[in-house]
Every structure is written in C-alpha cells, then in structure tokens.
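Take a look at the structure set out below.
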Amino acid sequence: MVTLSSKLKVAVFISGRGSNLKALIKSSKLKKSKYQVSLVLSNKLNAKGLDFAKKNKIKNYFIEKKLSTFENKALRLIKINKIKIICLAGFMRILSSNFIKKAGIPILNIHPSLLPKLKGLNTHERAIKAKYKFSGCTVHHVNEKLDSGKIIIQKKIKILKSDNPKTLAKKILKLEHIAYAEALEKII
Ligand code: GAR
C-alpha cells in the first residue's frame, strides 16, 4: 500500500495560472499515486497557481524574479524538504545548467507541442501556421538545452480546419493535465 509517508516528494515550479499544478495535486490524492506535491515555487508574485497550493496546505513560496536568487533559494528549499523530483509546470524561465547539476534530481517539464517540433513559445499559433495535421503535448526530462531532454510521454490530437490557437490550446491543455501525472508515475 502507498502511504502518505512513503510517497515521493515532488516540487512544482510555476509562473502563472497553475492548471497543470492543480491537475498534479488532484492526481496525487488518488490512493494509487506514488507521489505527493510537497513544495510549490513561483517566480511571479501573483501567480494564480499559488492559490491552489495554499488551498491544499502545500508549502509555497514566491521567490523574486532574478534567476540566480531564485535558483539559490530553490536549491535550499529542495534540500530542506527532501524533494526527489522537480516538475516545471508553466514555469517560464530557463534553469541554468549549474542549477540542474546542483539539484541532482530529475527535473521534468511539460511543453505544449509534439517535441522536437515547435520548441519555445507560441506553439499553437505556429502549429496552425505550419499546417501541421497533429499537435499535442510532451513531458520530458530537462537538460541544459531548451525543450530538448529525453521524452517521457507524448499525447497527440488532430488539428481541425476549424481550430485556431485558442481552441487548440484548450484541447491540448486537457491532454497536458492527464499526461503530466502519467509521466510522473512512469518514472517513479
Ligand atoms: C501550459 O500549456 C504549458 O504546457 C506551457 O504553459 C502552460 C502553463 O499552463 N508551458 C510552456 O509553454 C513551457 N515552454 P498552466 O500554468 O495552467 O499549467
């Protein structure tokens, strides 16, 4: 049986809305789940995602925007809280290779495209412009290169003629909410 004390401690880094954080928290509450969200860090003061952390009584911190400050404080909190995996969920900063090395634990990211296609920003707009037939989301390991680490899970959908960036984003976000927890359980 998976007891709360035996669940792997996960930290989630956010910058905004936090719907993926919310989905991860929800899924962590299932009996069969092997992880718990123990720490939420935001580099944005008013990130809506911080409210989900507060509501769920999860330790949460806003750390000022300067990357080096964020990383140093994050490293300390990760150690103190015995975090074993970091999940980036809409975290819009690129972590330094120094941070990745010093953290010494897996760091995962969710990206709204079928990597290696469409790294970076505005993926839905670019998918439609490029007339791709499919798009989706990818959960991958983070390395020092942007959106380039080993892929853990992808979920794919067809792009319809009637889709625009907004409708596509909405459909893919739904997939993201399933994919992230699946990927996490897969690597634990
Ligand atoms: C998600 O669509 C996520 O894939 C994307 O930001 C959104 C965050 O939403 N991440 C990236 O584009 C990273 N390159 P959320 O705050 O509601 O989870």
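The values are calculated or read from the model by the stated rules, or taken from the named source; none is laboratory data. Keep in mind the model is a prediction, meaning the values are calculated, not measured. We place every Cβ from the backbone using ideal geometry, glycine too, and count neighbours over all the protein chains shown.
Yes/no matrix, rows are residues, columns are (1) surrounded by 15 or more Cβ atoms within 10 Å (Cβ to Cβ); (2) under 23 Å from Ala183 (Cα atoms); (3) out of contact with any Ser or Thr (no Cβ under 6 Å at 6 or more places or on another chain):
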| position | (1), (2), (3) |
| --- | --- |
| Lys22 | yes, yes, yes |
| Lys31 | no, yes, yes |
| Ser42 | yes, yes, yes |
| Glu64 | no, no, yes |
| Ser68 | no, no, yes |
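When you scan the stretch 154-175, do you find a residue that is within 15 Å of the chain's Cα centre (by Cα) and over 21 Å from Ile25 (Cβ atoms), even just one?
Yes - at least one qualifying residue is present in the stretch 154-175.
Taking the stretch 157-172 on its own, how many of its residues are touching a strand residue (DSSP E or B) at 6+ places or on another chain (Cβ under 8 Å) and either acidic (Asp, Glu) or assigned to a helix (DSSP H, G or I) (or both)? Write out each step before concluding.
Of the residues in the stretch 157-172, the ones touching a strand residue (DSSP E or B) at 6+ places or on another chain (Cβ under 8 Å) are 157-159, 168, 171-172.
Filter once more, so that each one left must be either acidic (Asp, Glu) or assigned to a helix (DSSP H, G or I) (or both): 168, 171-172.
The total comes to 3.
Based on what the data block shows, is Leu108 in contact with a helix residue (DSSP H, G or I) (Cβ under 8 Å, 6 or more places away or on another chain), more than 10 Å from the ligand (Cβ to nearest atom) and not in a helix (DSSP H, G or I)?
Answer is yes for this residue.
Are any residues in the stretch 41-75 under 16 Å from Pro106 (Cα atoms) and either over 17 Å from the mean Cα position of the chain (by Cα) or within 16 Å of the ligand (Cβ to nearest atom) (or both), and if so, which ones?
So the first thing to find is which residues in the stretch 41-75 are under 16 Å from Pro106 (Cα atoms), and the list is 71, 74-75.
The answer is Leu75, and nothing else.
Taking Ile152 and the conditions (1) part of a strand (DSSP E or B); (2) of a type outside the set (Phe, Trp, Tyr); (3) modelled with pLDDT under 95, which numbered condition does it fall short on, given that it satisfies the others?
Every listed condition holds for Ile152 apart from (3).
Would you point out the residue of the stretch 70-99, among those that are part of a helix (DSSP H, G or I) and hydrophobic (A, V, I, L, M, F, W, C), that is surrounded by the fewest Cβ atoms within 10 Å (Cβ to Cβ)?
Of the residues in the stretch 70-99, the ones part of a helix (DSSP H, G or I) are 70-80, 97-99.
Applying the additional criterion that residues be hydrophobic (A, V, I, L, M, F, W, C) yields 70, 74-75, 77-78, 80, 99.
Values: Phe70: 23, Ala74: 23, Leu75: 15, Leu77: 17, Ile78: 23, Ile80: 10, Phe99: 21.
Among those residues, the one meeting the criterion is Ile80.
Conditions (1) small (Gly, Ala, Ser); (2) more than 11 Å from the chain's Cα centre (by Cα), marked per residue:
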| position | (1), (2) |
| --- | --- |
| Ser6 | yes, yes |
| Ser15 | yes, no |
| Gly18 | yes, no |
| Tyr35 | no, yes |
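Looking at Ile178, is it exposed (fewer than 15 other Cβ atoms within 10 Å of the Cβ), touching a residue at least 12 places away in the same chain (Cβ under 8 Å), in a helix (DSSP H, G or I) and within 13 Å of the ligand (Cβ to nearest atom)? It would help to see each step written out before you state the result.
Values: exposed (fewer than 15 other Cβ atoms within 10 Å of the Cβ): yes; touching a residue at least 12 places away in the same chain (Cβ under 8 Å): yes; in a helix (DSSP H, G or I): yes; within 13 Å of the ligand (Cβ to nearest atom): yes.
Yes; evaluated as a whole, the condition is true for this residue.
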